[in-house]
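Following: one structure in structure tokens, then a few remarks.
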Amino acid sequence: MAAGEELTLSSHIQHHLTNAKMCTVDGSVAFNKACSEAGFWTWHVDTLAWSIGLGLLFLWIFRSAAKKATTGVPGKFQCFIEMVVEMVATNVKDTYHGKSKLIAPLALTIFVWVFLMNLMDLIPVDFLPAFAGWVGATGFGMDSHDVYMKIVPTTDVNLTAALAIGVFILMIGYSIRIKGVLGFIKELTLHPFSSKSVPLQIILIPANLILETIALVAKPFSLALRLFGNLYAGEMIFILIGAIGLAQLPLHFIWAAFHILVIVLQAFVFMMLTIVYLSMASSDNH
């Protein structure tokens with residue numbers, strides 16, 4: 001929002017839903033509004049900073065738990081970490097039917113990392129953006145309204161898409177590792193329609209390829225959009241509540257109490273679908 005522009009509900013929402021951007025324009029580094037014409041190579045620095053920071057926090061928490069682990073009576077912190085690890089391990093054991101040492105650590109990383117990113121949604125929406133605006137105004141002489149800060153990485157579809165693409169690459173890799181390149185091609189071209197007649201089977205290949213490709217590509221799309229949509233909707237409600245000023249706090253806590261369920265559930269769903277997709281990719285039923 002430009003300096004002197006009247007503050008409206010629409011501008012308030014738009015400001016909170018705008019990422020802090022960095023790009024290159026005419027060979028020089030530009031920020032925010034100057035990046036509107038930069039095209040694809042625009043970095044959402046707030047999404048990157050918060051997601052990387054929370055990833056490092058996850059590593060630090062679990063490393064600390066591992067260093068302090070004891071065979072005696074565990075403390076509350078160790079008990080909590082063990083409960084999380086056991087929950088993930090149980091779901092991996094029940095859902096993933098192949099053999100891989102990567103799946104359990106991957107599932108644990110996804111669940112905790114996505115949970116931490118979702119958890120940022122519980123911080124009052126004006127708190128950290130207002131602080132960022134104050135830092136920009138006092139330290140860099142910027143107008144506070146031109147400083148943007150989205151603190152919930154999973155409300156940025158670029159982040160959820162990046163996670164989903166990583167899972168998609170693993171799906172392809174596991175499929176080729178278990179079935180081989182030829183087996184993977186057969187899976188895409190000889191199902192779901194099959195025939196004992198070779199000429200008829202050849203005729204069915206294009207239809208099979210289209211259907212199987214759509215089904216394959218739909219999996220990462222659903223992963224990305226489900227997580228993004230649920231967190232974006234929750235963030236929008238927080239922003240609308242925040243628009244009423246200091247009176248927002250009671251409503252904020254009421255909605256936050258309900259939203260905790262969404263935060264945990266979406267992290268769990270993303271983890272479980274990842275396990276299911278990799279289990280399907282690892283099966284050699286064809």
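No lab work stands behind these numbers, since they all come straight from the coordinates. What you are looking at is a predicted structure, and each value in this text was computed from that prediction instead of being measured. Every residue, glycine among them, receives a Cβ derived from its backbone with ideal geometry; neighbour counts consider all protein chains shown.
Available extension along the chain between I172 and K68 is 33.6 nm, counting 0.36 nm per residue and deducting the alpha carbon span. For the chain, the Stokes-Einstein estimate of translational diffusion at 37 °C and a viscosity of 0.692 mPa s comes to 150 µm²/s, using the Kirkwood hydrodynamic radius over alpha-carbon pairs.
Between the helical axis of 157-189 and the longest alpha-carbon principal axis of the chain there is an angle of about 10 degrees. The charge dipole of region 44-282, taken about the Cα centre with unit charges on the Cβ atoms of Lys, Arg (+1) and Asp, Glu (-1), comes to about 1120 debye, rounded to the nearest 20. The packing ranking, built from the mean of other Cβ atoms within 10 Å per residue, places the peptides 153-163, 54-64 in the order 153-163, 54-64, highest first. Each of V157 and I237 was given a label point 7 Å from its Cα along the Cα-to-Cβ line. The distance between the two points is 2.2 nm.
For T24, the residues whose amide H sits under 5 Å from its own are A30, ignoring neighbours fewer than 5 places away on the same chain, with H placed 1.01 Å from N. Model label points for A257 and V269, set 7 angstrom from Cα along the Cα-to-Cβ axis, are 2.3 nm apart. The helix-based estimate of mean residue ellipticity at 222 nm for the chain, built from -39,500 (n - 2.57) per DSSP H run of four or more residues and divided by its residue count, is -24000 deg cm²/dmol to the nearest 500.
What the pair-distance distribution of region 204-286 shows, using all Cα-Cα distances binned every 10 Å from zero, is 15, 32, 23, 16, 10, 4, 0 percent. For the chain, the longest principal axis of the Cα atoms and the long axis of helix 127-140 meet at an angle of about 60 degrees.
Each Cα pair under 8 Å and six or more residues apart adds its sequence gap; the mean of these over the residue count of region 44-282 is a relative contact order of 29 percent. Taking 4.7 Å between C-beta atoms as the pairing limit, the chain has these partnerless cysteines: C79. If a spin label sat at a point 7 angstrom from the Cα of E212 along the line to its beta carbon, the backbone N atoms of region 263-280 nearer than 18 Å would be those of 277-280. Distance between the pseudo-spin-label points of V276 and I13 (7 Å out from Cα toward the beta carbon): 3.2 nm. Once the Cα atoms are used to define both axes, helix 103-119 deviates from the longest principal axis of the chain by about 20 degrees. Taking a point 7 Å from the Cα of Q78 along the Cα-to-Cβ direction, the residues of region 48-66 with backbone N closer than 18 Å to it are 61-66.
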